[in-house]
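Take a look at the structure below.
All of the numbers you see were taken from the coordinates with simple rules; none came from a lab. Computed from a prediction, not measured in an experiment: that's the story for all the values here. Neighbour counts are summed over all protein chains in view; Cβ atoms, including those assigned to glycine, are modelled from backbone coordinates with ideal geometry.
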C-alpha cells in the first residue's frame, strides 16, 4: 500500500510539472502576442480565416433561402423532371402524343385527365413532352449567346479604340431590330428545323451579353490589381479571362437565369405565329392550334399557357434570388 501511494504521489507531481511546462512553453511562444500590441498568433489567424469562409457561405445560403426563390426552384425542378423523365412520367409516348385519334377537342375524362386537343391528342402527354422541347432549345441557345457575347464584350472593352467602336456598332445594328422579328427572318431563311431555331436565338442574344459585360470590363480594366498583373508580365488574354472576367461575371450569371424564361416565352410566341419545327411538341404551337376553340375546348389552350407561365415564373424567381445573393449592393438588405 505504501509503495502504491508513493507511485500515485509521484505521478501527480509529474503531471503538475508537465502542466507547468506547457503553460510556460505557451507563454514563451506567445510572449510577442502578449507584450506587443497588434501582434497575432498564426493559429488563431488561420482559425479566423476559416471561420470567415464558413460565415460567408452561410450568408450566401441565407440570402438565397427566401420563400420566393425556393418556390422558383421547385417550379424549375418540376419542369426539368418533366423533360428528363418524360418517358416514365407521361401517360403516352412521343409518337402517341403526335398521333391521330377520335374525339377531337374532347373534355377531361378518366383516361385524358386534362382533356384532348387537335386530332384527339392527350393534353397532359403533350405538356410533359413539350417541356423537353422547350428546354432543349432554350438552354443551348442561351449558352451560345452568353459564351460568345462574353468573349466579344471582353475583347471589345479591353482593347477599346477602333476595335470597340466597330464591334459595338455591329451589336447596335442587331439591337436596333425587335428580336422576335429578326428570329422570324432567320428561321424563314434557314428553315424551321430545331437546330436553326436554336442558332437564331443564340445569335440574337450575343449583342445583349456583349453589351452587358462590356460596361463591367470598362470599369475593371484600370483597377490596381489589373495594373499589377501587367507589371508582373501577364499577357492580354490572361488578364482578360483570368483576372478581369471572374470579377465581373456575376451579372452574366443572373441574366443567364432570367433569360432562360424569356427565351421559352419567345419560343412559344414563335410557335404561336407558326415559326416552329412541325415535328416538335411545343406549348406555343398547341395554343395556336386551340385559339379558335377557346369556348368549345378552353382546356386545350389554358393548360399550355399555364405551363408556360410557371416555367417562366420559376426561372424569373431563381434569377431574382441569385441577384439578391450575388449582388454586393444588396447583400446587407
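Please give the contour-minus-distance gain from residue 196 to residue 143: 0.36 nm per residue of separation, less the Cα-Cα distance, rounded to one decimal in nm.
This chain segment gains 17.6 nm when fully extended.
Multiplying the sequence separation of residue 188 and residue 81 by 0.36 nm and subtracting their Cα-Cα distance, what value in nm do you get?
Stretched out fully, the residue 188 to residue 81 stretch lengthens by 35.3 nm.
Mind sorting 159, 295, 209 by how few other Cβ atoms lie within 10 Å of their own Cβ, fewest first?
By the 10 Å Cβ count, ascending, the order reads 295, 159, 209.
May I ask you to sort 118, 242 by Cβ crowding, counting other Cβ atoms within 10 Å and putting the fewest first?
The order, fewest Cβ neighbours first, is 242, 118.
Taking every pair of distinct Cα atoms and averaging 1/r, then inverting, what Kirkwood hydrodynamic radius in Å comes out for the range 206-333?
For the range 206-333, the Kirkwood estimate is 17.9 Å.
Calculate the FRET efficiency for residue 237 and residue 89 from the Cβ-Cβ distance with a Förster distance of 56 Å, rounded to the nearest 0.05.
0.75
When ranked by the protection proxy of mean other Cβ atoms within 10 Å per residue, highest first, what sequence do the peptides 260-270, 216-226 form?
260-270, 216-226
Please give the contour-minus-distance gain from residue 249 to residue 302: 0.36 nm per residue of separation, less the Cα-Cα distance, rounded to one decimal in nm.
So the extension gain works out to 15.2 nm.
Calculate the spin-label point distance for residue 310 paired with residue 172, positioning each point 7 Å from the Cα along the beta-carbon direction, and give it in nanometres.
4.5
In terms of the Cα gyration tensor, with a ≥ b ≥ c the square roots of its eigenvalues, is the range 67-326 rounded because a/c is under 1.5, prolate because a/b exceeds b/c, or oblate?
Prolate shape, in that a/c is at least 1.5 and a/b is the bigger ratio.
Provide the FRET efficiency to the nearest 0.05 for the residue 100-residue 74 pair, computing r from the beta carbons and using R0 = 35 Å.
0.45
Can you give me the pair-distance distribution of the range 161-238, C-alpha pairs, 10 Å bins, whole percents?
Bin by bin from 0 Å, the calculated values are 16, 33, 26, 16, 9, 0.
Can you put 122, 236, 320 in order of Cβ neighbours within 10 angstrom, beginning with the fewest?
By the 10 Å Cβ count, ascending, the order reads 236, 320, 122.
Find the centroid of the Cα atoms in the range 183-212 and in the range 248-264, then give the distance between the two in whole Å.
Rounded to whole Å, the Cα centres lie 17 Å apart.
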